[in-house]
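Data first, discussion second: the structure below is written as structure tokens.
The numbers here are math on the coordinates, done by the rules we state, and not lab data. Every value quoted in this text rests on a predicted model; they were computed, and no experiment measured them. Neighbour counts are summed over all protein chains in view; Cβ atoms, including those assigned to glycine, are modelled from backbone coordinates with ideal geometry.
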Amino acid sequence: MLNEQLRSVLERMPKAELHIHIEGSLEPELIFALAQRNRVSLPYDSVEALRAAYAFTDLQSFLDIYYAGASVLLTEQDFHDMTAAYLERAAADNVRHAEIFFDPQTHTARGVPFETAIKGIWRACQEGPISASLIMCFLRHLSEEDALATLEASLPHRDKFIGVGLDSSEVGHPPEKFARVFERARQLGLRLVAHAGEEGPPAYIESALDVLKVERIDHGVRSLESPALVERLAREGMALTVCPLSNIKLRVFDVMGSHNLRELLDRGLAATVNSDDPAYFGGYMNDNFIAAFEALPLDVTHARQLARNSFTASFLDPERKRAYLAEVDAFFANANH
């Protein structure tokens, strides 16, 4: 059991969230409310039945229900309400800054205009209780042509997002499949991240770095299988946005006690803790911290390191990073431990 002092530190410490899919924060209650508002029929007759369906065996079985949940998002207000709910929840966990993924292709494929999705999400971020930026993700199970078309469609809204990412089914869709669209995004001055090394091999992390030229690796937990890669990630200070509860739910690790978060830190890697798809994976930021610290030999020193890493790895400007890091240091200097 986690002692109360450490639990309190984890809950109260300032932190940034760098790996959150906004569509994955859609709670069953809100799915049902939006379904009613939009007269969308769902294949579940109650909130409880929908929540009971959240029994995934792998990434694909999760994605199937994730896309079904997204079907209720039709209007700008729907996207706003979903995002506003996440930001309130993040603020309650003392998240100070979030870099939020959104998946426009999930919505444009259903006939929802790109503009409808991004304007609703962005408006909630402007009004929200915490600092938030948007990262547009491409779905890797679709073609690069589809991703390029999405990037072009996004350009009238270039002021509303800071970067691009790559998500969805990893196995069989290596990063190099998206070399051209990432090069185009880089020329546009966008920040670059990609999911790699969750279910895919360490080679996917290498090609995300070498071919896509990403600045952050989302997940990256399989990096430890390659000593040369670990050495490189440590040397380059390449951040990994690790999602503990997600990794257990999707069977990347069988139990939290076998998660490699502590080892990533021990090997000098800039690991961070994040919630991924919190509505589906059993918890938001503090739930992820508490689950990891309960199961692994992690202490207050690791808590401070993870909090610092989250701001250092963010795409905030240097001055704001310094301010948040000073807040972290002041918190730990005064924390009762």
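Quick look at the values:
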| quantity | calculated |
| --- | --- |
| Under 21 Å from the Cα of LYS249 - lysines, other chains or at least 8 residues apart | none |
| Charged-residue dipole, Cβ positions (Lys, Arg, Asp, Glu), region 144-265 about Cα centre, Debye nearest 20 | 360 debye |
| Cα coordinate range in region 22-86, projected on the principal axes (Å, largest first) | 33, 23, 16 |
| Loop trypsin sites (Lys or Arg not before Pro), region 33-92, which have at most 12 other Cβ atoms in a 10 Å radius of their Cβ (DSSP) | ARG39 |
| nm² value of the averaged projected area, convex hull over the Cα atoms of the chain | 15.9 nm² |
